[in-house]
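Provided herewith is a single structure, encoded as structure tokens, for subsequent inquiry.
Just so it is clear, none of the values below were taken in a lab; they were calculated from the coordinates. All values reported here derive from a predicted model rather than from experimental measurement. Every residue, glycine among them, receives a Cβ derived from its backbone with ideal geometry; neighbour counts consider all protein chains shown.
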Amino acid sequence: MFGIWGHPDAARMTYYGLHSLQHRGQEGAGIVVTDGKRMKGIKGDGLVNDVFDEKKLDSLKGAGAIGHVRYTGKSGIENIQPLLFHSSSGSLALSHTGNLINANDLRHQLEMQGSIFQTNTDTEALAHLIKRSGYLALKDKVKNALSMVKGAYALIVLTENELIIAQDPNGLRPLSIGKVGDAYCVASETCAYDLIGAEYIRDVEPGELIIINDEGLHEERFTLSGSHSMCTMEYVYFSRPDSDIRGINIHTARKNLGKQLAIEANIEGDVVTGVPDSSISSAIGFAETAGIPYELGLIKNRYVGRTFIKPTQELREQGVKMKLSPVRKVVEGKRVIMVDDSIVRGTTSRRIVRMLKEAGATEVHVCISSPPMTNPCFYGIDVSTHEELIASNHSVEEIREIIGADSLTFLSVDGMMKSIGREDLGKNCGQCMACFTGEYPTEIYPDTPLPYEKEME
Ligand code: SF4
């Protein structure tokens, strides 16, 4: 998500911001802009570049804008964000990342009270709650709506007159504010600021609500409870290496994960290679600590989307074939240590191991820079159901056999926290690690919708 207020070409800035955040979602993109009187939006399937061109950006005039790149969920243009609603009392646009765990309940209640939904997103339930609130000021409407939702949400709301930002009480998804000239901006990741020449100011705190309008920036809270449970997978896999989350650089965290993994794995090999892009930093750290040369053993075809994000298994499998190629001269006749960030279903790892062996690797040792993923994520990351998570149903040795590796090592939970720099922060250590430990930072209802299930509806 990206948002900006107080810039004469807000839509173009949002376009650049979304471009930097493209790795977070490639299914669709949208921008809504306001000129202070009217709001207008454009959205479509695919990458930011597929959806927007000069002509479209020229048609989006105004000083306030929000944008969104879509990661997963039910397809259909109506589900692409930002969602934009018009009414006699004014327009309202919303961008939301995360997953509302009581979305089914809320939707049912709202429908019983007469609401008609146009989309399959939990974001729309939020829009209805905001619009139906009896309060006059938008900030109070948003606060009232947020008192009813549970789960993970980083939220940006735009009207003709202001921009409102909110972070859920557990701070599960990253969100920060920055400044470019006199304009304030907000982004899911700090890497968006570099491209537009903005200066990072600070992260949005759990339970915080920030109002930005022509009078400036005003900080409030919508709940007094709030504790940090930042998604650990943001450090391991999701965020870009040049982003910082809560003061920790992603590349540095990943390199530390690789260093710790080398200590825990303690194996011999001739070359270390990382699965591009998210595991390169960890592979460099591994090689440095193990004293084994780091080599580019796998090359990524830059112009294919991330397989993890493709919405169906069939597309995922096609994507893997298109995405990676082994560098034969690097791996031929070598014992290859292949560093990857995670194993979800095991299909990708199996294909890469086979690919390296077909290219002549004599041994392939798979080292994973996170612990076995044994539990689904209810907070907006598509890590599937218990049944589909290979580590939920198989031992490490069984997984090794399935993926065809000569050895398989996962990083320990303690090692992961130490590498990210969170080990001294107490029991919860300020991170969500539920997909590794099963300890969810929020309550989970029996019918809590998974992002994956939403797409299967
Ligand atoms: S369960 Fe895992 S993927 Fe989901 S928010 Fe927590 S750490 Fe992130």
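Order of 22-28, 112-118, 269-275 by packing, highest average Cβ count within 10 Å first?
Averaged packing, sorted descending, gives the order 269-275, 22-28, 112-118.
So, one more: Filter the cross-link list 255/329; 150/323; 255/334; 139/418; 150/259; 139/179 down to pairs whose alpha-carbon distance in this structure exceeds 31 Å.
Values: 255/329 25 Å; 150/323 37 Å; 255/334 23 Å; 139/418 39 Å; 150/259 37 Å; 139/179 21 Å.
Those over the limit are 150/323; 139/418; 150/259.
What is the gain in length, in nm to one decimal, between residue 394 and residue 277 on full extension, counting 0.36 nm per residue of separation less the C-alpha to C-alpha distance?
39.4 nm
Find how much the distance from residue 225 to residue 328 grows on full extension, using 0.36 nm per residue of separation minus their present alpha carbon separation; answer in nm with one decimal. Working shown, then result.
Working: separation 103, 0.36 × 103 = 37.08 nm, distance 5.45 nm.
Gain on stretching residue 225 to residue 328: 31.6 nm.
Continuing with this model, one more query. May I ask you to derive the FRET efficiency for residue 89 and residue 414 from their Cβ-Cβ distance with R0 = 56 Å, giving the value to the nearest 0.05?
Plugging the Cβ-Cβ distance into 1/(1 + (r/R0)^6) gives 0.60.
Could you size up the charge dipole of segment 147-207 around its Cα centre, putting +1 on the beta carbon of Lys and Arg and -1 on that of Asp and Glu, and report it in debye to the nearest 20?
220
Still on this model: Calculate, in nm to one decimal, what residue 242 and residue 194 gain on full extension: separation in residues at 0.36 nm each, minus their alpha carbon distance. Please report the intermediate quantities before stating the final value.
Numbers: separation 48, 0.36 × 48 = 17.28 nm, distance 0.94 nm.
Full-extension gain reported as 16.3 nm.
Give the residue from 434, 269, 370 lying farthest towards the positive end of the charge dipole for the chain; charges sit on Cβ (+1 for Lys and Arg, -1 for Asp and Glu) and the dipole is referred to the Cα centre.
The Cα lying farthest towards the positive end belongs to 269.
Need one word for segment 76-153: rounded, prolate or oblate. Basis is the Cα gyration tensor (sqrt eigenvalues a ≥ b ≥ c); a/c below 1.5 gives rounded, then a/b vs b/c decides.
rounded
Oh, and also: Under a plain spin-label model, where a point goes 7 Å from the Cα along Cα-to-Cβ, how far apart in nm are residue 300 and residue 215?
Inter-label distance under the simple model: 4.5 nm.
Based on the alpha-carbon gyration tensor of the chain, what equivalent-ellipsoid semi-axes (square roots of 5 times the eigenvalues) come out, in whole Å, largest first?
39, 22, 21
I need to check one value: relative contact order of the chain, counting alpha carbon pairs closer than 8 Å and at least 6 residues apart, in percent.
Details: 1107 pairs, mean separation 62.4, N = 457.
Relative contact order here is 14 percent.
Under 17 Å from the 7 Å Cα→Cβ point of residue 49, by amide nitrogen: which residues of segment 1-37?
Residues 15-30 qualify, since their backbone N sits under 17 Å from the label point.
To check my understanding: the extent here is largest minus smallest coordinate of the Cα atoms along each principal axis. What are those three numbers for segment 12-82, in Å, largest first?
Cα extents, longest axis first: 32, 22, 17 Å.
Could you size up the charge dipole of the chain around its Cα centre, putting +1 on the beta carbon of Lys and Arg and -1 on that of Asp and Glu, and report it in debye to the nearest 20?
Roughly 720 debye, rounded to the nearest 20.
For segment 155-171, list residues with backbone N below 20 Å from a point placed 7 Å from the Cα of residue 38 toward its Cβ?
Counting only backbone N, you get 158-162.
Ranked from highest to lowest mean number of other Cβ atoms within 10 Å per residue, what is the order of the peptides 211-217, 293-299, 368-374? Intermediate results must be reported in sequence, preceding the final value.
On the way: 211-217: 15.4, 293-299: 19.0, 368-374: 24.3.
Top of the packing list down: 368-374, 293-299, 211-217.
Which order do the peptides 221-227, 65-71, 91-97 take when ranked by the mean count of other beta-carbon atoms within 10 Å per residue, highest first?
The densest-packed peptide leads the list: 65-71, 91-97, 221-227.
Rounded to the nearest 0.05, what FRET efficiency is calculated for residue 109 and residue 288 with R0 set to 45 Å and r the Cβ-Cβ distance?
0.25
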